[in-house]
Structures are given as C-alpha cells and as structure tokens.
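Below: one structure, written as structure tokens.
The values are calculated or read from the model by the stated rules, or taken from the named source; none is laboratory data. Values in this document were obtained by computation on a predicted structure and should not be read as measured data. Cβ: placed from backbone, ideal geometry, glycine included. Neighbour counts: every protein chain shown.
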Amino acid sequence: MSSIADTHSATDAAEPDARGSDAAESNARGSDAAQPDARGTDAYGVAADAAEGHVYTVTGQDWDSIAAEQAERGDERIVVNMGPQHPSTHGVLRLILEMEGESVTEARAGIGYLHTGIEKNMEYRSWTQGVTFCTRMDYLSPLFNEATYSLGVERLLDIEDQIPEKASVIRVMMMELNRISSHLVCIATGGMEIGALTVMTIGFREREKILDAFELITGLRMNHAYIRPGGVAQDLPDNALEHVRDLVVWMRKHLPEYAAFSNENPIFKGRLVGVGHLDLAGCLALGVTGPPLRSTGYDWDLRKKQPYCGYETYDFDVQTWDSMDAYGRFRIRLNEMWESLKIVEQCVSRLEKLKGAPIMVADKKIAWPAQLAIGSDGMGNSHEHIKHIMGESMESLIHHFKLVTEGFRVPPGQAYVPVESPRGELGAHVVSDGGTRPFRAHFRDPSFTNLQALPVMCEGSMVSDVVVAVASLDPVMGGVDR
Amino acid sequence: MSEPRQGGAMPPSSPDLHKESDAEAPVTGAVPEGESQPDAETRPESLVGSDPAVSSDETEVIEVRRGMFGVRGTGDTSGYGGLSRSIEFPAPSAPPFGGWWDSVYDRVGELVPSYSDVITKVVIHRGEITFHVARQHLTTLVRHLRDDAQLRFEFCSGVSGVHYPADRGAELHAVYHLQSMTYNRRIRLEVSVPESDPHLPSVVPTYPTADWHERETFDMFGIVFDGHPALTRMMMPDDWPGHPQRKDYPLGGIPVEYKGATIAPPDQRRSYN
C-alpha cells in the first residue's frame, strides 16, 4: 500500500519526511495550479495533489505507529490506495478503497498503468505482424489473443473454409493447453494471496510443464506469435505429440492435488465461500463472462454456443457452479482443466492421423512461404526454401520478398469473431480499409470488462475479501490496459 | 456478397420466435448444478444466416489511392505510379436479408416510429449484420433491443471506436457488438459522428458494461458520450493532451539522424498504401 489518506482531517500540510523532494515538487505544482493560465499552457503539468486530509505513507514495518496515530484521531473512515504496486492486485491494478474500519464502503479500480498502445502499434505493421503484438496483451493466454485476431482476419479474407484441418486441430490443442496454464496461474496466485503457498508452488510447477510443451512447439514459452492468419506458423516437431501425451499423463496425476489441498480445506473455504458474490443479472448487466458468469449456473461458453476452430466436433462439457462466489469460480476453473485435458487428448489422437497434412492455407498469396526448421539453437531458416528462392526460382524470390515486406491485402470491411478465453469472451474487432495493415484492431478483453464488477463484488465486505474477489475475477493487466 | 456462416455440422433453420415467452427465456434463471449439459439444440444463430440478400451494386467508396507507396510529386520510378485503386466498403443491403436477420429487422421496425430515421443503413458482410444508427435514436433503440421479448440483446460486448478521416462529415464511428444470449444472435450497431461535433448519447443506462468501454473510446478517440456518469480518461493519464487512436494524432517517434538523413515517425514514412 503506497499511501493512506484520512479524508476528514483538514490539514494538508503534514507531509511525512519520507517524501522529501517530492513534497517540495508537489508544492511547486500547487502554486502553478493556483494560476489557471499556467496550467493551461503546460500540457504535462498537473494540478496540486488531489488528496485531502491527512496522508500517511506506508512502507511496511510501521503499522503500529500509524495505527496508533489514526486511533488518536478517532476517525475510522480512511481511503486506502492499494496498488498499483501491490502483490495482491495481480499486476499493476490500483484499487482505491474507502473504508470504515476494516469494511470497504466504496471500491474503485484505477487502470492504465500497463497501457502500451498495442492497438495503435498494430496499425503500423502488416496483418501477419499484428499477431506478434496482440499476443503480448493478455500474457497469460497469448494463444487466445492470436486466435481471435487470426479468426477475424480470416473472416475478412473470406478464407474461413480453407483453413486446413490440421491447423484448426493444432489451434484447439494449443488453446486448451493454454487454458490449463492460465487457470493454473489464477489458482496459484489466488492461493498465494490467501496464504496457501503450496498451491502456488505446485501451480507454477505444472504450468512450467505446459510452457515446456509450448517452447517445443512454438519456440517460445510466451508471446508465441504462433497462430497466424491462414493457419499456424509451423508444423509440429516430430516429438511434439509424444511430449504432449506425456504432459497429459503428468497433469492427470497431479491435478487431483489441487482438489485435495483446497476443495474441502476449511481455511480455504472460509476465505472463498460467499465472497465476491455476483448473480446472473449482475453479470449480464456488467458484461461479465467466463468463470464468474458460469458460477451463476448459466452454461454460457462460446466453444459450445458459437463454435469456432471446429469445437463442435470435440467431446467436452461446460462446467458450471451455482454458488455465484469465489469458491464456485475456483471449482469451475479446476473442472475446466479436466475438460481441457479431454480436448487435448482428442486433438493428439487426431493429429496422429494428420502427419504431413498442411498447416497453412493453400493460397500462396497469404501463406507465409517458409516452413521454418527447428535447429539446435531454436527456430531457424528453412533450408529447402532458401535453396529454392536463392538458387532455382527468381519469381519465388520476388514473391517471398513481396509477401514478407508488403504482406497481403485484406478486403475492406469489419469482423468480430470472439473466442472463449480462460477469462471469458475475448474478441477482436478487426477493421480493414483494403490495405496491407489493419486499419483498426480493437480487443474486447474479458479482464477489462470483468474488472468493472469489482465495486459491486467488494463494497460492504472486509478488505481481506477484496483480495479474494479480485483473484476470482482473474484480471490480467496486460489485457486490461493493452 | 458473403456466404452464410454455418456453425459446423449444425443445420440452419429459422427460429420460431413466438414460442419463446418471457418466463421461458433461458437466461432468467440460473441452471442448477448438474443440469448444465450443453443443449444439443443450441445453435449459433448469429453465425447462421440463410441466403444473403441481394444488395445493390453500389459500394461505399471511401477514397481513391494512387500509386503503390503513397508518394506524390517525386519521381516514382517503380512503375506503379499509374496504379489507381478505389477503396470500397461493403454495400448496404436491402431486405429481405434471410434467416433471423429479417425477424430482427422487422421487429425493430415495429418498435420505432420511423424506421429510416433510426436505421440509416444495413450492411451484411461476411455473415455479420451491421445496423448503422442515427445517433439521436441510439438510446431508445438499444433499450428496445435489450428489453423486447423478441429481440433480447441482453449482452453488450463493448464499444469500439474507429476513425475514418476520409468519411467526411462522419469521421468518428462508435461500434457496438450486441449479443442475444436468449436467441444466440449477434449484431453490430455502428453510429457515426462528425469530428466537429463528436457527441453521442451514452448507452450506460441500458448497458452498464459500456461504462469503461465508453471511457476508453472517449480517451482514445475523443467521442463524447453524453449522459455517461463519469466520462474521464481510462488508459491515458488524466492530463494527457489529445486522443491517441485518431489517425491524425501525431506519432512522436524519434527522428533518428543518420549521415544527414532522418527517419520519420511511422505514419510519415513511405509505405504500401
């Protein structure tokens, strides 16, 4: 917690010494703000600190003195600024909590600390390069970002029917593995925040196994840029299916540990049951999707309702719970990991029959020309392809050059193809003006939308429940701020 | 025109809207645990349209581009200087559209007093339907779309801004994706406003989820949503000047100098157009 402001006290003068030069600076700004003109001319100038009342700066270890000082004031109403640098807020989320004693009377979220302008950047890169950017948004589910963007571009290109079956199966397999790794992080960090440290350590252990599989297949643990418009970046390496099969065995062996540690653990249940209550009407009004929506008992899952990538051909069940609280969301995530394993197994058995099948559309005007080979030092050149363009065919070289530097053109129009990410409905609104770059790419990120439910879930509860409620929404700030 | 979207192996059929009464609408009650098996009958209606309507041949020409690299006045020796391409957006469609699109269109027509005033254009492209809405009617229209028993677009996916500098007099567009969970349909609303008067009524009273989305769109595009409870910046700092997602927002970049030559910001570089 960076600072606590007592809003009732009148004086603003008592700045703690720790702020030192900051205080002097803010005084200088304050005098600027006194003259409205001066503020108008300085685009980056700010008005005086908006904090009213007494300000405490908390750096840890000094709770007793602060509690004593506050008790002396005899005022129970304080505003706590929790974050943006706080271990329990899942990244750089800033919570502004107005409290009466330990009860939260008002909660607001401040975001934007991780805004990196990804959507704007994508407008200055080719359609294929766009994948490289959007994969970095929600960094715990990068393959879903890539998938929704690629599906949107493919709809605009009108090549949805031409995506090879193998590409779709690989996409599904990668997305489901990614769903497991994302849910693992959610459960792990959520457990850590309430003191269940073992859940954290085993959660990251299992996640690491999945990231190993990602590294084998895509070359990278995160930020893969693997799913691309038209298919996937490269074929599976020879030992990939064996690796994934071993991974499934490992997961089947270790997933029960989470249930054993948590499901009936009285402390765990005491912290989660009934916390972060949000009913169906609240979910729909606030646009909340994913596990929070399914914890109301409504089986809304885009994989079933609006199938993409051939999800309608897989056998799995949508997991719901009826408690509308953080505990229900935890159980849904746990159950969904089992369902994802079922889907991954089906993908593996399908991929065994698809050895050598194409993984990119046949249209050479869209398909990336090279099949990159994996060498001893990671993803590398495609020697066959280089031999062809450098030694055999001038036209192929020209085509390669044009496709890599210029890219392909996408017919004008707009498309929105949402997918069910681990956090809910993730969709890319892709607009093309017929050029080689996205005219606009806007991502409807579920973390961003779900975070709006924070006040309604937290107000009236204890401050310790805020941490649990936030964890049950599982916001990823990279996706929230984009 | 586009082909109708088929949701996998599921056959398209037209929904019988009148069977659904308010009490039976699936979203009104929570499904008890154990009864959450996916409904085999549930089809993605939003992806299923029957034959698309015959549209007029007139597409919307946004601009005409010449050459290959957007260069003017210099000696374009590439041979592409004579190239001329007009940018045409998908043409508006006229009813009948086919499938559930018509039922939505007709039902909206019954609810609003003057159809052509409210819906200025309907575009069907790639199996997605877009209603272009006049801004002064947006609030009443979304309320009907959410509450009417035959429409039930109870879920708003969000608001997305788009800046079309070439669309004179309607440069800024706000795009809403609405989802009917009851009927499993998805539509898109598009509202355009001129840059000189970027005001739009807020849909927050109908869809509270639009709160942050409208703030983001205001932040990035400067579209002012009248009636929004607290329209402040979302991503950028509160005192940030300008609206970064507009096409004319100057990109800083760092003009690096190399032996007298400078590298311009990305939007001023020569690029494929």
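Set side by side, the residues B:Asp219, B:Asp197, B:Asp211, B:Asp226 differ, and just one is more than 16 Å from the chain's Cα centre (by Cα), at the interface with chain A (Cβ under 8 Å from one of its Cβ atoms) and charged (D, E, K, R), which is B:Asp211. Applying the condition of being among the small types (Gly, Ala, Ser) and under 15 Å from the mean Cα position of the chain (by Cα) to the stretch A:102-146 and asking which residue is surrounded by the fewest Cβ atoms within 10 Å (Cβ to Cβ) yields A:Gly112. With respect to the conditions (1) at the interface with chain B (Cβ under 8 Å from one of its Cβ atoms); (2) under 24 Å from A:Val169 (Cα atoms), A:Arg333 lacks only one, and its number is (1). Residues in the stretch A:387-403 that are more than 15 Å from A:Trp368 (Cα to Cα) and among the aliphatic types (A, V, I, L, M): A:Met390, A:Met394.
On the basis of being over 26 Å from A:Val273 (Cα atoms), outside the structural domain of A:Asn335 (by TED's automatic domain parsing) and in contact with a helix residue (DSSP H, G or I) (Cβ under 9 Å, 6 or more places away or on another chain), does A:Tyr113 make the cut? Give the derivation first.
Values: over 26 Å from A:Val273 (Cα atoms): yes; outside the structural domain of A:Asn335 (by TED's automatic domain parsing): yes; in contact with a helix residue (DSSP H, G or I) (Cβ under 9 Å, 6 or more places away or on another chain): yes.
In short, yes.
Might you check whether a residue that is surrounded by fewer than 18 Cβ atoms within 10 Å (Cβ to Cβ) and away from chain A (no Cβ under 14 Å) occurs anywhere in the stretch B:174-194?
First pass over the stretch B:174-194, keeping only residues surrounded by fewer than 18 Cβ atoms within 10 Å (Cβ to Cβ): B:194.
Now drop any that are not away from chain A (no Cβ under 14 Å), which leaves B:194.
Yes, because at least one residue in the stretch B:174-194 is surrounded by fewer than 18 Cβ atoms within 10 Å (Cβ to Cβ) and away from chain A (no Cβ under 14 Å).
The set of residues in the stretch B:181-196 being within 15 Å of B:Val108 (Cβ to Cβ) and not in a strand (DSSP E or B) consists of B:Tyr183 alone. Once the stretch A:314-330 is narrowed to residues that are out of contact with any Lys or Arg (no Cβ under 6 Å at 6 or more places or on another chain) and within 7 Å of chain B (Cβ to nearest Cβ), the residue that is surrounded by the fewest Cβ atoms within 10 Å (Cβ to Cβ) is A:Asp317.
Among the conditions (1) modelled with pLDDT of 90 or more; (2) in the same structural domain as A:Lys355 (by TED's automatic domain parsing); (3) over 29 Å from A:Gly434 (Cα atoms); (4) of a type in the set (Gly, Ala, Ser), A:Gly195 misses just one, which is (1). A count restricted to the stretch A:417-466 and to residues that are crowded, with 24+ Cβ neighbours inside 10 Å and of a type in the set (Ser, Thr, Tyr) stands at 4.
In the set B:Thr232, B:Thr206, only one residue is more than 9 Å from chain A (Cβ to nearest Cβ), of a type in the set (Val, Ile, Thr) and surrounded by fewer than 18 Cβ atoms within 10 Å (Cβ to Cβ); that residue is B:Thr232. Of the residues in the stretch B:107-116, not one is within 14 Å of chain A (Cβ to nearest Cβ) and surrounded by 18 or more Cβ atoms within 10 Å (Cβ to Cβ).
The residue that is surrounded by the most Cβ atoms within 10 Å (Cβ to Cβ), counting only those in the stretch A:392-412 that are more than 22 Å from A:Arg440 (Cβ to Cβ) and of a type in the set (A, V, I, L, M), is A:Leu403.
From the residues in the stretch B:121-171 that are closer than 18 Å to B:Ile87 by Cα and in contact with a Gly (Cβ under 8 Å, 6 or more places away or on another chain), which one is farthest from the other protein chains (Cβ to nearest Cβ)? Steps first, answer last, please.
We begin by selecting, within the stretch B:121-171, every residue closer than 18 Å to B:Ile87 by Cα; these are B:123-126, B:162-171.
From what's left, in contact with a Gly (Cβ under 8 Å, 6 or more places away or on another chain): B:124-126.
Details: B:Ile124: 11, B:His125: 5, B:Arg126: 5 Å.
Ranking the qualifying residues of the stretch B:121-171, first place goes to B:Ile124.
Against the condition closer than 30 Å to A:Thr201 by Cβ, in contact with a strand residue (DSSP E or B) (Cβ under 7 Å, 6 or more places away or on another chain), in a helix (DSSP H, G or I) and not aromatic (Phe, Trp, Tyr), how does A:Leu143 come out, does it pass? Explain how you work it out, then say what you get.
Working: closer than 30 Å to A:Thr201 by Cβ: yes; in contact with a strand residue (DSSP E or B) (Cβ under 7 Å, 6 or more places away or on another chain): yes; in a helix (DSSP H, G or I): yes; not aromatic (Phe, Trp, Tyr): yes.
In short, yes.
Just one of A:Gly407, A:Gly460, A:Gly435 is away from chain B (no Cβ under 14 Å) and part of a loop (DSSP other than H, G, I, E, B); which is it?
Details: A:Gly407 fails: away from chain B (no Cβ under 14 Å); A:Gly435 fails: away from chain B (no Cβ under 14 Å).
When all the criteria are applied, what remains is A:Gly460.
Considering the stretch A:290-300, and only residues there that are facing chain B (nearest Cβ under 8 Å) and in contact with a Pro (Cβ under 9 Å, 6 or more places away or on another chain), the residue that is farthest from A:Ala469 (Cα to Cα) turns out to be A:Asp299.
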